[in-house]
Amino acid sequence: MEILFLGPLMQLSMDCPCDLADGLKVALAPRSWARCLTDMRWLRNQVIAPLTEELVFRACMLPMLAPCTGLGPAVFTCPLFFGVAHFHHIIEQLRFRQSSVGSIFLSAAFQFSYTAVFGAYTAFLFIRTGHLIGPVLCHSFCNYMGFPAVCAALEHPQRRPLLAGYALGVGLFLLLLQPLTDPKLYGSLPLCVLLERTGDTKAPLCS
């Protein structure tokens, strides 16, 4: 997943006032981590939400849906529930009048779309690797990065190398997705074993 964010990571590095060595020093400092671990918002976004949401929507919901629908439909059905689960942001925005009603609902529709796509990706990752750690780490990383600031990249002074980084990141992500999630690398796949026991031996995601 990190390779997909090559462009945004380059953008973050270009806009950071400190150099790479100083940035790493600050990021790895025990004081910085201690500050994060006492920040409830950071804990919610980087630890609690990724762990609980992946546990519910991937580790629990996928095994319930897959025997009924098959793996393919389950991968695309499960994220719909995941997207709807984020509609509580509408209530927060309406309550605090953060914007007009139309823009709030437009923002919610956009968020539903990309969280559903992300949910399909993490479902694919969970099925192909048989482990929850990958989806949790991807979820935490995406919560930290947010949605890529493509409009800002288009207006950036170093637009050309930045857009090349965006394109390279997408290309490498698509190129490496299948080989790096090859089930042969990860041993037994719980969901695939479950489907075999129910008589479904033709799940293409398991091979």
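Would you check which residues across the stretch 88-114 are in contact with a helix residue (DSSP H, G or I) (Cβ under 8 Å, 6 or more places away or on another chain) and under 30 Å from Leu205 (Cα atoms) and list them? It would help to see each step written out before you state the result.
Step one: filter the stretch 88-114 for residues in contact with a helix residue (DSSP H, G or I) (Cβ under 8 Å, 6 or more places away or on another chain), giving 89-90, 93-94, 98-99, 101, 104-105, 107-108, 111-113.
Those that are in contact with a helix residue (DSSP H, G or I) (Cβ under 8 Å, 6 or more places away or on another chain) and under 30 Å from Leu205 (Cα atoms): Gln111, Phe112, Ser113.
Filter the stretch 93-117 for residues that are under 30 Å from Cys192 (Cα atoms), β-branched (Val, Ile, Thr) and open to solvent by 70 Å² or more (accessible area, probe 1.4 Å) and give the result. Reasoning before the result, please.
To start, the set of residues in the stretch 93-117 that are under 30 Å from Cys192 (Cα atoms) comprises 112-117.
Keeping just the survivors that are β-branched (Val, Ile, Thr) gives 115, 117.
Matches in the stretch 93-117: Val117 only.
Restricting Ile3, Ile48, Ile90 to residues that are surrounded by 15 or more Cβ atoms within 10 Å (Cβ to Cβ) and over 16 Å from Thr122 (Cβ atoms) narrows the list to Ile90. Among residues of the stretch 124-141 that are among the charged types (D, E, K, R), those with a beta-carbon under 9 Å from a residue that is surrounded by fewer than 18 Cβ atoms within 10 Å (Cβ to Cβ) at least six positions away or on a different chain give the pairs Arg128/Gln178; Arg128/Thr181; Arg128/Asp182; Arg128/Pro183; Arg128/Tyr186.
Out of the residues in the stretch 57-73 that are open to solvent by less than 70 Å² (accessible area, probe 1.4 Å) and among the hydrophobic types (A, V, I, L, M, F, W, C), which is nearest to Phe118 (Cα to Cα)? Selected residue: Phe57.
Run down Ser99, Ser113, Ser107 and say which single residue is polar (S, T, N, Q) and part of a loop (DSSP other than H, G, I, E, B). Spell out how you get there, then give the answer.
On the way: Ser113 fails: part of a loop (DSSP other than H, G, I, E, B); Ser107 fails: part of a loop (DSSP other than H, G, I, E, B).
None of the other options fit; the residue is Ser99.
The lone criterion from (1) open to solvent by 20 Å² or more (accessible area, probe 1.4 Å); (2) more than 27 Å from Gln11 (Cα to Cα); (3) at pLDDT 90 or above left unmet by Val193 is number (3). Of the residues screened, Gly119 is not one that is more than 21 Å from the chain's Cα centre (by Cα), part of a helix (DSSP H, G or I) and among the small types (Gly, Ala, Ser). Please go through the stretch 164-182 and pick out each residue that is surrounded by 13 or more Cβ atoms within 10 Å (Cβ to Cβ), hydrophobic (A, V, I, L, M, F, W, C) and under 21 Å from the mean Cα position of the chain (by Cα). Scanning the stretch 164-182 gives Leu168, Val170, Leu172, Phe173, Leu177, Leu180. Scanning the stretch 118-127 for residues that are in contact with a Phe, Trp or Tyr (Cβ under 9 Å, 6 or more places away or on another chain) and open to solvent by 10 Å² or more (accessible area, probe 1.4 Å) gives Phe118, Ala120. Apart from one condition, Val84 fits all of (1) touching a residue at least 40 places away in the same chain (Cβ under 8 Å); (2) open to solvent by 70 Å² or more (accessible area, probe 1.4 Å); the exception is (1). Scanning the stretch 10-31 for residues that are at pLDDT 80 or above and either of a type in the set (A, V, I, L, M, F, W, C) or touching a helix residue (DSSP H, G or I) at 6+ places or on another chain (Cβ under 8 Å) (or both) turns up Met10, Gln11, Leu12, Ser13, Met14.
The values are calculated or read from the model by the stated rules, or taken from the named source; none is laboratory data. It should be emphasised that the depicted structure is a prediction, and the values quoted were computed from it without experimental measurement. No Cβ is skipped: glycine too gets one built from the backbone with ideal geometry, and neighbour counts run over all protein chains shown. What goes into the accessible areas is simple: the full protein's heavy atoms, side chains included, and nothing from ligands, DNA or RNA. Shrake-Rupley method; radii C 1.70, N 1.55, O 1.52, S 1.80 Å.
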